[in-house]
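Below: one structure, written as structure tokens.
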Amino acid sequence: MLDLKSKETSGAAATAAVGRKTRDAGRGKRTREIGVGKDFWNELGYLLKVAFPTAGSRGGQLLGAQFTLLVMRTLLTVRANKVNTFYLTKAISSASWKFWVRWFFNFGGWMASGVVVNSGLRYTESLITIELRAALTKKAHKMYMENNNFYKTAVLRQGGLDNVDQRIVADIDAFAKETAFLYGHSFKPILEFTLSLTEAAKELGYSRPLALFASQIIITGVLRSIAPRLGPMVAREAALEGGFRHTHARLIAHAEEIALLDGGKREIEILDEGLDNLVVTQRWHALQRIRKSVADNVSKFQGLLVGSIFVHVPFMMKASVSEGERISSFRATEELMLRCGGAFTEVLLLGKNLDELAGYTHRLSQLFKTLDLASKEAREDKAKLASAGADHAEGSPIVFDKVTVGAPEPDGSQRVLVKDLTLAVASGQHLLITGPNGCGKTSLLRVLAGLWAPVSGTVTRPSGVSSIMWLPQRPYLLQGSLRDQVVYPRDARTEKIVDARVKECLMMAGLAKFVDGSMNVGLNTRHLEWNDVLSGGERQRIGFARLYYHAPKFAILDEATSAINPDEESKLYERLIETDTTVVSIAHRLELRKFHKLELKIAGDGEGGFRILKL
Ligand SMILES: Nc1ncnc2c1ncn2[C@@H]1O[C@H](COP(=O)(O)OP(=O)(O)OP(=O)(O)O)[C@@H](O)[C@H]1O
């Protein structure tokens, strides 16, 4: 877990704080802080620990395998260079075929092993990327789905996260690629640098190479301080990509409504606007990247220039030594120093990749921190409820105890919808909730479901689909078979499902045509998007079939029959009540009053007023 204690005071304050920071990041105010600092290393450490929890884990083994291959490649290169130079020098200097043939086979052997090791390296890098992505994505899925965090972050915008889907789908992938690249490509220059420094020190002592590095660190440091930072740019572009993808996702989700309104032309503007935001930023960043590229190239070439000064000057001052001696010792020194300097510059240039990684690390740590905080708050709320004796025991009635419900306002305050409601709904006490549009009927149910926290008071309800089930106006339909729709959230692939029971429920819901063979539909019929192939009324009937199948103690119906004609609507209610289910309904039609024993009339007066009537 990320250690948030030092930074945040309370769960709610923490969520708000993360939210503020994230929103600022979206506007580019906080972008200065995204970089390779202490926070970055902590966050990177956390993400890597999630992906590779132990050395023996699959990811740990892959890192080990790649490390072995990297060492093998370096040793092979060093050895091959030495042997090849030796044989070739001998062969050419003495025109010896024997040495030339030895060189030929040596070189061939080195090439073959190089091919094997390099392919192995490429393969392990891909596997590390895949492993890293899969582990982080699974962790994100788990945290996103527990305690309804997906609702809190995506709908209520707790934590102020933008485009959670983009972060999970694209940013984790980019992070995984960048991390695997850095792991595979930083080892070579670091090892080469260490080896060449050891070699150079043997011949020249440490003072000259170290003086060379000190000068390079200073110059590179100055260049880095004037070059733009890549991390914030990467984070900003990822956020805009997410926004652009979201506009396309909305278009698909509302395709029919848009087509009926002939909104294509207007939608082009909306889509293009998303693209323009991205393109304008990318153009600006491309310009910034030129500055970065200039700094990197100067950094690279200054290594040669400054390195040469350190190599040349001492020889320029040795006028007394013979020409041949000076040239041969100059050549040996030059080669060692330049190899050393080159490897060192390469190490310094890895900073560019680290900068980019910092951008993705920042976005992912925002994601994990926010989800972590949301879960922490949910645990605290549960503990509070349990200590107040209001835990969600199976079989308990629904009880509102001095509950005040508020709608969240943009400034963080709450607009009161229902004030100090005390009401118990025992088994058989069917409750009807009525009131004008926007008075807070659905909001009260959200509080009952635990999606919204009450402003004050406590709510007790039983838990589990066998105890309580919600049926909204647009029931959720998943990708899968007709059977899957009815048994959801049970899984027909892993749980024993009796098809005869599923069919019976569909028939009770007035969908006999789907199971009696009169249509080309059966329990195994699959659709990627059932919403597109069912009518509004059929969708609501599937919702009822689901209720009949699970036969919960309480059914919470939010305008669940709005698309069904009044005669049929009564039949659906009758069947539900016959299954011993107690209903809590929001409904506008008077015909449904007869199925209820209590009515909660919410006034919608802005002060949270309500009345409870016996029907
Ligand atoms: N996610 C949200 N964020 C902020 N305000 C919200 C949110 N959802 C609903 N509201 C506001 O809360 C108030 C109550 O909404 P609610 O959905 O409970 O109304 P309702 O009584 O069910 O209305 P209707 O009969 O039209 O369905 C409305 O003013 C609405 O704008």
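The values are calculated or read from the model by the stated rules, or taken from the named source; none is laboratory data. Bear in mind the structure is a predicted one, so any value in this text is a computation, not a measurement. Every residue, glycine as well, gets a Cβ built from its backbone with ideal geometry; the counts of neighbours run over all protein chains shown. When the accessible area is computed, the model is the full protein with side chains, heavy atoms only, and any ligands, DNA or RNA have been set aside. Shrake-Rupley method; radii C 1.70, N 1.55, O 1.52, S 1.80 Å.
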*Tell me, how many Å apart are the Cα centres for the range 84-104 and for the range 541-615?*
94
*Hey, how many Å between the Cα centroid of the range 234-279 and the Cα centroid of the range 416-464?*
36
*Take every DSSP beta bridge with both residues inside the chain and express the antiparallel ones as a percent of the total, to the nearest 5.*
55
_FRET efficiency, 1/(1 + (r/R0)^6) with R0 45 Å, evaluated for MET316 and VAL115 via beta carbons_ = 0.55
*Work out the length of the dipole vector of the range 444-513 about its Cα centre, built from +1 on the beta-carbon of each Lys and Arg and -1 on the beta-carbon of each Asp and Glu, and round it to the nearest 20 debye.*
80
_Pair LYS402, ASP39: separation of 7 Å Cα→Cβ label points (nm)_ = 4.1
*Surface accessible to a 1.4 Å probe, per residue, for the residues of the range 398-614, Å²*: 47
*With runs of 4+ DSSP H residues as the only contributors, calculate the mean residue ellipticity of the chain at 222 nm using -39,500 (n - 2.57) per run, divided by the residue total and rounded to the nearest 500.*
-21500 deg cm²/dmol
*Spin-label point model (7 Å from Cα, Cβ direction): what's the THR247 to ARG79 distance in nm?*
5.8
*Give me the distance between the Cα centres of the range 351-368 and the range 115-135, rounded to whole Å.*
21
*Taking the dipole about the Cα centre of the chain, with the C-beta of Lys and Arg at +1 and of Asp and Glu at -1, give me whichever of GLY324, ASN149, SER481 is farthest to the positive side.*
GLY324
_Can you give me the angle between helix 11-27 and the longest principal axis of the chain, using Cα atoms only, in degrees from 0 to 90, rounded to the nearest 10?_
60
*Using a Förster distance of 51 Å, the FRET efficiency for ALA332-GLU237 (Cβ separation, nearest 0.05)*: 0.60
*Which whole-Hz couplings ³J(HN,Hα) result when phi for each residue of the range 462-469 is put into the Karplus expression 6.51 cos²θ - 1.76 cosθ + 1.60, θ = phi - 60°, listed in order with x for Gly and Pro?*
x, 10, x, 5, 7, 9, 8, 9
*Quick one: net charge of TRP110's neighbours, Cβ under 15 Å, K/R +1, D/E -1?*
+4
*asked:* Using only Cα atoms and rounding to the nearest 10 degrees, what angle (0 to 90) does helix 172-204 make with the longest principal axis of the chain?
replied: 20
_Largest-first principal axis extents, alpha carbons of the range 398-614, Å_ = 54, 37, 28
*Which FRET efficiency, nearest 0.05, do GLU146 and TYR206 yield, Cβ-Cβ r, R0 56 Å?*
0.50
*asked:* Quick check: the angle from helix 536-550's long axis to the longest principal axis of the chain, C-alpha only, nearest 10 degrees?
replied: 90
*Prolate/oblate/rounded call for the range 410-458, Cα gyration tensor, a/c under 1.5 rounded*: prolate
*Chain lengthening between THR194 and ARG283 when straightened (0.36 nm per residue, less Cα-Cα)*: 28.1 nm
*Amide hydrogen neighbours beyond the local backbone of VAL418, cut-off 5 Å, H modeled*: VAL405
*asked:* Below 8 Å between Cα atoms, with a sequence gap of 6+, how large is the relative contact order for the chain in percent?
replied: 14
*First compute the accessible area of the chain with a 1.4 Å probe, then give the percent of it belonging to carbon and sulfur atoms.*
58
*Between HIS185 and SER427, how many nm apart are label points set 7 Å from Cα along the C-beta direction?*
6.7
*Using the Kirkwood radius built from alpha carbon pairs, what does the Stokes-Einstein equation give as D for the range 42-146 at 20 °C and 1.002 mPa s, in µm² per second?*
128
*With a 1.4 Å probe and every protein chain left in place, work out the accessible area per residue of the range 182-371 in Å², rounded to a whole number.*
55
*asked:* Taking a ≥ b ≥ c as the square roots of the Cα gyration tensor eigenvalues, with a/c under 1.5 meaning rounded and otherwise prolate when a/b beats b/c, else oblate, which class fits the chain?
replied: prolate
_the range 333-472: radius of gyration and largest Cα-Cα distance (Dmax), Å_ = 26.8, 94
*How high is the relative contact order of the range 484-615, in percent, with contacts defined as C-alpha pairs under 8 Å that are six or more residues apart?*
19
_J(HN,Hα) series, the range 262-275, from Karplus relation 6.51 cos²θ - 1.76 cosθ + 1.60, nearest Hz, glycine and proline x_ = 6, x, x, 5, 5, 5, 4, 4, 5, 5, 5, 4, x, 5
*For the range 182-371, report the translational diffusion coefficient in µm²/s to the nearest whole number, using Stokes-Einstein at 4 °C, 1.567 mPa s, and a Kirkwood Rh over Cα pairs.*
63
